[in-house]
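Read the structure below first, then the notes.
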Amino acid sequence: MTDEKKIKIGKLCNKIATVLFVLFFIDVCVIPIMNTIFFIVSTIVIAALFAACSIVSHIFLKDYKPE
């Protein structure tokens, strides 16, 4: 895989992780109006996807230095 592809994928994963963080924040803020099971499942799914995107973006952007 070329460095350009790694940088593009890393930046995309970084943006997705940002969106997932916002979704997690919204999910936690609306806890009183949601079903408990749905809240637990959605929190776990969002956290797992956030962790995966963060790890992938960290690995792919490890040597990236913007000019």
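The values are calculated or read from the model by the stated rules, or taken from the named source; none is laboratory data. Everything numeric here is computed off the predicted structure, so don't read it as measured data. Cβ: placed from backbone, ideal geometry, glycine included. Neighbour counts: every protein chain shown. Only protein heavy atoms, including side chains, enter the accessible area calculation; ligands, DNA and RNA are left aside. Shrake-Rupley method; radii C 1.70, N 1.55, O 1.52, S 1.80 Å.
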Residue pairs within 9 Å by beta carbon, gap of at least six or interchain, first lying in the range 45-57 and free of Cβ contacts under 8 Å to residues at least 12 places away in the same chain, second part of a helix (DSSP H, G or I), listed first then second, are Ala51/Ala17; Ala52/Cys13; Ala52/Ala17; Ile55/Cys13
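Please go through the range 49-67 and pick out each residue that is out of contact with any Cys (no Cβ under 6 Å at 6 or more places or on another chain) and open to solvent by less than 60 Å² (accessible area, probe 1.4 Å). Spell out the reasoning first.
Initially, the range 49-67 is screened for residues out of contact with any Cys (no Cβ under 6 Å at 6 or more places or on another chain), giving 49-52, 54-55, 58-67.
Residues satisfying the conditions are Ala51, Ala52, Ser54, Phe60, Leu61.
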